[in-house]
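Read through the structure below, which is laid out as structure tokens, and then see the notes.
The values are calculated or read from the model by the stated rules, or taken from the named source; none is laboratory data. Keep in mind it's a predicted model, so treat the numbers as computed, not measured. With ideal geometry, Cβ positions are generated from the backbone for all residues, glycine too; neighbour counts draw on all protein chains shown.
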Amino acid sequence: MNESKIFETALLKDEEILDLARGVLIEEANSISDQIKYLDNEFISAVRSIFDNKGHLVVIGMGKSGHVGRKISATFASTGTPSFFINAAEANHGDIGMVNQKDIVLLLSNSGETAEIKYLFPFLDRISIKKIALTGKSESALSNFCDLKIIVPIKKEACPLNLAPSSSTAVMMAMGDALAFSVYRMRSFSKLDFALSHPAGALGRRLLLEVRDIMCTGNKIPVVKPNDLLKSAIVTISQGGLGFIIIVNEQNNVEGIFTDGDLRRLLAESTDVLNDKISKHMIVNFKTTKSRHLASDVLKIMKSEKISGLPVIDEEKKLIGAINFHHLLGIGLE
């Protein structure tokens with residue numbers, strides 16, 4: 001029995017593939033550019049309402065609009081506006097209980113007629129919450145229901161069949177960014193504020209990570225005494241794994257450092273030094289750092305001055321830790 005074909009295959013030439021891709025990008029870019037002329041007082045009111053709101057911005061969507069809504073909510077949350085996303089279907093089965101009168105709700109639906117969104121109207125009406133629509137249709141159930149409406153119409157989808165959400169989701173995403181960044185500019189949101197909400201990101205590490213967060217401490221600090229012999233100091237360098245040792249006195253003050261590079265240069269000149277005291281060969285002109293210094297600043301200094309390791313001292317100049325150049329590089333501070 002022959003099965004009927006549902007999908008027809010099309011073997012495209014290389015240039016045809018690129019032409020198709022260019023067409024998608026051009027169509028979506030044009031759709032986004034077209035939105036500029038639709039920015040109006042409703043958009044301004046939406047920005048001010050979100051800025052003035054004392055609760056959360058609750059973003060609700062379904063399907064592809066839901067995926068866009070999740071990203072919009074994440075952008076708001078990471079730029080200073082408390083926000084969370086609820087899938088419209090889940091909202092109708094209890095999750096809408098997370099919303100209260102102090103919140104403001106942003107409802108996403110390209111058609112403005114999404115059933116799962118419309119099911120929520122009675123509840124949202126009852127709690128008298130501020131409602132903003134982000135929709136492609138100015139005359140729809142959603143736009144008529146909400147207090148404010150941001151209309152994002154498109155001429156056609158970028159999908160070759162004009163079916164799959166593409167241009168419509170692109171303009172929703174872009175308008176969500178426009179909303180979020182307008183609000184965060186009003187908040188005077190700074191790089192440090194951004195870093196605080198992104199502690200594991202590159203910017204967060206550069207602006208937040210301090211020497212104390214990554215330094216070696218306790219018995220992991222490679223230390224020797226001034227009267228220790230060079231041959232025993234070599235063992236400490238090897239076991240420490242930082243490429244240098246720190247020479248401290250009985251009061252735990254740093255008197256000098258000695259690196260594996262110093263050792264190689266010394267042994268290249270003579271091997272008859274292993275029974276010398278380390279104090280004879282230690283470097284006495286050395287730099288130190290403090291535990292509250294930013295790790296990124298310390299890395300810049302170590303890089304510019306070609307320093308492989310640094311002792312970390314406290315306010316009384318007592319040794320409390322050690323850091324290594326390659327360790328700083330390895331945690332992604334650049």
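What the table shows:
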read-out: Subset of the range 143-173 [more than 33 Å from the chain's Cα centre (by Cα) and in a helix (DSSP H, G or I)]; value: Ser143, Asn144, Phe145
read-out: Tally of residues being without any contact (Cβ under 8 Å) to a residue 40 or more places away in the chain and either outside the structural domain of Glu316 (by TED's automatic domain parsing) or surrounded by 23 or more Cβ atoms within 10 Å (Cβ to Cβ) (or both) across the range 221-248; value: 2
read-out: Those residues of the range 187-220 which are modelled with pLDDT of 90 or more, surrounded by fewer than 15 Cβ atoms within 10 Å (Cβ to Cβ) and not in a loop (DSSP other than H, G, I, E, B), in sequence order; value: Gly218, Asn219, Lys220
read-out: Matching residues, the range 117-132, being more than 32 Å from the chain's Cα centre (by Cα) and assigned to a helix (DSSP H, G or I); value: Lys118, Phe121, Pro122, Phe123, Leu124, Asp125, Arg126
read-out: Where Ile237 falls short, out of the listed (1) assigned to a loop (DSSP other than H, G, I, E, B); (2) touching a strand residue (DSSP E or B) at 6+ places or on another chain (Cβ under 8 Å); value: (1)
read-out: Only one of Ser296, Ser279 that is farther than 20 Å from Ile221 by Cα, assigned to a helix (DSSP H, G or I) and not aromatic (Phe, Trp, Tyr); value: Ser296
read-out: Residue list for the range 93-112, restricted to those being of a type outside the set (A, V, I, L, M, F, W, C), surrounded by 14 or more Cβ atoms within 10 Å (Cβ to Cβ) and assigned to a loop (DSSP other than H, G, I, E, B); value: Asp103, Asn110, Ser111, Gly112
read-out: 3 or more residues hydrophobic (A, V, I, L, M, F, W, C) and buried (at least 17 other Cβ atoms within 10 Å of the Cβ): qualifying helices (runs of 4 or more DSSP H) within the range 1-92; value: 41-52, 63-78
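Yes/no matrix, rows are residues, columns are (1) touching a helix residue (DSSP H, G or I) at 6+ places or on another chain (Cβ under 6 Å); (2) among the small types (Gly, Ala, Ser):
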{"site": "Leu20", "(1), (2)": "no, no"}
{"site": "Asp40", "(1), (2)": "no, no"}
{"site": "Ala46", "(1), (2)": "no, yes"}
{"site": "Thr75", "(1), (2)": "yes, no"}
{"site": "Glu90", "(1), (2)": "no, no"}
{"site": "Ser109", "(1), (2)": "yes, yes"}
